[in-house]
Amino acid sequence: MAGPAGVGHTENWSSRFAFVMAAVGSAVGLGNLVRFPAEAGSNGGGAFVIFYIFCVVMIGLPVLLAETVIGRYGKSSAVDSVSKLARASGRSPLWAAAAFVGMLGAYFILTYYSVIGGWVVYFAGVFVDDMASAVSGGTLTQGAFAGQNSEDVASMLGTLHGNAEMMVAMHALFMAITIFVVARGVTGGIEKVAVWLMPTFFLLFLAITVYSMLTGAFTETLSFLFSFEPSRLLDPNVMLSALGQALFSLSLGSALMITYGAYASADTDLAKTSGMIGSADTSVAIIAGLAIFPIVFAAMTPDLLAEVLSGEKPVPQGLGLMFSTLPVSFQTMPGGSLIGLLFFVMVFFAALTSSVALLEASVSWASRQFNISRSMTAVVLGLMAFAIGAVASFSFNTLADFKPLPFGIFDGLELFSILDTVTGKIMLPVSALLVAIFVGWIADKRIINAQNGLSGGTLALWRFLIAWLCPLVIAAILFFGLFPNLIKG
Ligand code: TRP
């Protein structure tokens with residue numbers, strides 16, 4: 001059902017299925033498959049996971065509904081939707097800052113997201129190569145990289161890092177595909193990609209998880225992911241990481257759910273849809289842990305595994321987990337070449353449906369604001385993001401020791417990690433905080449309640465969460481996460 005034409009009117013998704021797939025596609029991405037396992041690993045496993053789930057349920061879901069409500073009311077870019085709702089409520093249009101901060105956040109995420117997207121494409125290529133030689137050598141049922149020693153496989157990521165041209169070329173390829181999809185429009189590009197790639201993603205994800213549970217070290221994984229030191233539960237940095245990860249993973253505080261909500265038709269039940277998006281995204285994050293760690297643990301020697309599980313040795317962390325530890329692990333898994341290829345194709349699908357959303361958030365605003373065509377805007381903004389990302393990718397190369405911000409949470413970080421930290425730990429939480437205050441206190445309640453599809457007890461609960469719990473908890477976590485010395489004192 002199309003909304004009334006007029007100021008700010010946008011295209012609509014062609015079906016509710018398309019909306020859910022596009023929104024889930026934006027949410028499920030490198031955040032679930034790379035960032036979540038990495039953050040869980042470096043923040044004490046279980047303590048982080050528990051706080052992450054708390055943040056998803058108590059903060060993520062209410063803010064998700066708030067953002068889609070703003071979008072569907074505004075039927076415009078995220079920034080214009082907020083200012084329209086503010087005006088209709090007799091308030092200052094400057095509240096649009098809530099969406100502006102988020103939009104900038106999404107844009108900065110895109111810059112480095114595409115660099116990693118490029119690595120994913122590269123590794124998919126490596127496995128295609130390996131499959132070809134496995135087929136000709138008749139070793140398809142054995143592990144990947146037959147005949148190579150594991151140090152060489154582990155160092156493939158390092159080799160890629162040393163090869164700046166290759167890294168930038170792959171980043172360019174990934175960004176070009178992203179630009180192409182966004183340029184084709186909401187129904188002509190974004191939605192088409194989502195309705196094909198996301199169902200395929202879920203099939204591959206299911207198959208790989210079952211394979212991993214059957215052939216890998218599953219019980220060890222359970223004890224790693226769900227046991228924790230209680231002392232880390234109240235660590236403000238763990239809490240800020242978990243909040244940042246929850247927002248990042250659900251694509252919140254980054255203008256996107258407002259933008260995609262604007263394309264939702266009047267008969268879409270936003271509360272129900274938000275619930276579906278939230279549960280799909282969270283399940284993928286947790287299950288990704290259950291799919292990745294068994295493969296990794298199975299490839300360790302029993303002694304090493306025991307040391308890792310007892311905390312004597314660190315869990316493989318960060319980007320190395322997916323791009324170095326995992327390829328080595330595929331070496332010992334039966335059918336490793338094929339599984340490895342399917343794995344990286346799956347990650348590519350998830351990453352692409354997220355990167356198009358990351359670009360769409362600013363394209364939908366800029367093309368209206370400056371009155372330029374969608375495709376032109378996508379090209380210009382995409383190329384600028386490419387340039388920033390290309391510079392940041394030298395953090396793995398000649399700029400590895402360039403650590404320009406030696407204070408607070410930025411201390412010791414290179415450009416690449418600065419982009420991730422400033423977005424995840426500052427911009428997304430600030431945007432989500434402003435959205436919660438705006439919907440909880442500033443916007444006209446009648447307008448909000450007419451959009452959200454809630455009534456009775458659930459409406460009262462949501463109002464309490466968005467007006468009280470979300471702002472207070474986000475503000476507290478942000479404050480103590482940024483200035484931890486204040487409580488350590
Ligand atoms: N949710 C995405 C992921 O998990 C990352 C992301 C954060 C995002 N904010 C976004 C994607 C906004 C699209 C739009 O990988």
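FYI, it's all coordinate maths here, none of it is from the lab. Predicted model only: the values in this text are computed from it and were never measured. Here the Cβ positions follow ideal geometry from the backbone for every residue, glycine too, while neighbour counts run over all protein chains shown.
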> Each label point is 7 Å from the Cα along the Cα-to-Cβ direction; what then is the distance between the points at D269 and W441, in nm?
Replying inline: 3.3
> Where does each of 257-268, 237-248, 157-168 land if you order them by average Cβ count within 10 Å, highest first?
Replying inline: 237-248, 257-268, 157-168
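So if each residue of separation counts as 0.36 nm, and I subtract the Cα-Cα distance between S155 and S15, what length gain in nm does that give?
Working it through step by step, the gained length comes to 45.8 nm.
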> Hey, what D do you get for the range 418-489 in µm²/s if you plug the Kirkwood alpha-carbon radius into Stokes-Einstein at 20 °C and 1.002 mPa s?
Replying inline: 157
>> Counting only other residues whose beta carbon sits under 13 Å from that of L250, what net charge do I get with K and R as +1, D and E as -1?
In response: -1
>> Could you derive backbone 3J(HN,Hα) for the range 386-400 from the dihedral phi with the Karplus parameters 6.51, -1.76 and 1.60 (θ = phi - 60°), listing whole Hz in sequence and x where the residue is Gly or Pro?
In response: 4, 4, 4, x, 4, 4, 4, 5, 6, 4, 9, 9, 6, 9, 4
> In nm, to one decimal, how far is the T398 label point from the L203 one, both placed 7 Å along Cα→Cβ?
Replying inline: 4.6
> Ranked from highest to lowest mean number of other Cβ atoms within 10 Å per residue, what is the order of the peptides 473-482, 37-46?
Replying inline: 37-46, 473-482
>> Using square roots of five times the C-alpha gyration tensor eigenvalues, list the equivalent-ellipsoid semi-axes of the range 298-379 in whole Å, biggest first.
In response: 42, 17, 7
> Taking the convex hull of the alpha carbon atoms in the range 244-297, what volume per residue do you get, in Å³?
Replying inline: 86
> By count of other Cβ within 10 Å, fewest leading, how are F48, F218, F202, F297 ordered?
Replying inline: F218, F202, F297, F48
> Roughly how large, in nm² to one decimal, is the mean projection of the convex hull of the alpha-carbon atoms in the range 341-489?
Replying inline: 14.3
> Taking the Cα atoms of the chain, what is the range of coordinates along each of the three principal axes, in descending order and whole Å?
Replying inline: 69, 52, 44
> Which FRET efficiency value, to the nearest 0.05, do you get for T332 and S92 by plugging their Cβ-Cβ distance into 1/(1 + (r/R0)^6) with R0 = 56 Å?
Replying inline: 0.40
> Net charge near V315, counting Lys/Arg +1 and Asp/Glu -1 over other residues with Cβ under 12 Å of its Cβ?
Replying inline: -3
>> Quick check: residue separation of T215 and D303 times 0.36 nm, minus the Cα distance between them. What number comes out in nm?
In response: 29.8 nm
> Calculated FRET efficiency, F180 and S373, Cβ-Cβ r, R0 22 Å, to nearest 0.05?
Replying inline: 0.90
> From the residues Q245, N397, M333, which one has its Cα farthest along the dipole of the chain in the positive direction, the dipole being from +1 and -1 charges on Cβ of Lys/Arg and Asp/Glu about the Cα centre?
Replying inline: Q245
> Could you give me the ³J(HN,Hα) list for the range 283-290, computed from phi with Karplus coefficients 6.51, -1.76, 1.60 and θ = phi - 60°, whole Hz, x at Gly and Pro?
Replying inline: 4, 5, 4, 5, 5, 4, x, 6
> So if we plug the beta-carbon distance of M58 and L405 into 1/(1 + (r/R0)^6) with R0 = 41 Å, what FRET efficiency do we get, rounded to 0.05?
Replying inline: 0.85
>> To make sure I understand, if each residue's beta carbon is the centre and we count other beta carbons within 10 Å, what order do S155, S395, S231 fall in, fewest to most?
In response: S231, S155, S395
